[in-house]
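Student: Starting off with a structure, shown below.
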Amino acid sequence: MSDEAPRRAPMLSLRELVDHYASLVPGFGHPLALSAFGLTVQETQIIFTHFDEDYHISRFLRFSNGEGNSYLVGGAPATHVSIDPAIRSIL
């Protein structure tokens, strides 16, 4: 057993997540690979599941499963996320 504490997923705020997404896509609504966020598999799954479980946030997130690294988001496989521009109304 290791003396190290388990590594916790960095908590990105919704604003940080949206800003990062917007910096990598040509416009809101375009799919972005979840791997583009530069997080570990566990961090990606925890953070996106957290946002997906919040009704006020999840209605602006669209997950899809296609080519690329697959993650479990809310128990469903996903490779990409697109964010509706209306998410700015809750930032």
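The values are calculated or read from the model by the stated rules, or taken from the named source; none is laboratory data. Remember, predicted model here, so these are calculated numbers, not experimental data. Note that each Cβ is placed from the backbone with ideal geometry, even for glycine, and that neighbours are counted across all protein chains shown.
Student: Do you know which residues across the range 70-91 are more than 14 Å from G27 (Cα to Cα) and not in a strand (DSSP E or B)?
Tutor: Of everything in the range 70-91, those that are more than 14 Å from G27 (Cα to Cα) and not in a strand (DSSP E or B) turn out to be S70, G74, G75, T79, S89, I90, L91.
Student: I'd like to know if the range 31-43 contains one or more residues that are crowded, with 18+ Cβ neighbours inside 10 Å, within 16 Å of M11 (Cα to Cα) and charged (D, E, K, R).
Tutor: Yes: the range 31-43 contains one or more residues that are crowded, with 18+ Cβ neighbours inside 10 Å, within 16 Å of M11 (Cα to Cα) and charged (D, E, K, R).
Student: Follow-up question, since we're still on this one. Quick check on the range 22-54: of everything there that is in contact (Cβ under 8 Å) with a residue 12 or more places away in the chain and charged (D, E, K, R), which residue is nearest to P77 (Cα to Cα)?
Tutor: D52
Student: Which condition number in (1) surrounded by fewer than 13 Cβ atoms within 10 Å (Cβ to Cβ); (2) aliphatic (A, V, I, L, M); (3) under 16 Å from A33 (Cα atoms) is the one that L91 fails?
Tutor: (3)
Student: Give me the residue from the range 44-64 that is part of a loop (DSSP other than H, G, I, E, B) and of a type in the set (D, E) and, out of that set, farthest from R88 (Cα to Cα).
Tutor: In this case the residue turns out to be E53.
Student: Within the bounds of the range 2-14, is there any residue that is at pLDDT below 95 and among the acidic types (D, E)?
Tutor: Looking through the range 2-14, at least one residue is at pLDDT below 95 and among the acidic types (D, E).
Student: Only one of (1) surrounded by 18 or more Cβ atoms within 10 Å (Cβ to Cβ); (2) in a loop (DSSP other than H, G, I, E, B); (3) without any contact (Cβ under 8 Å) to a residue 24 or more places away in the chain fails for E67. Which number is that?
Tutor: (1)
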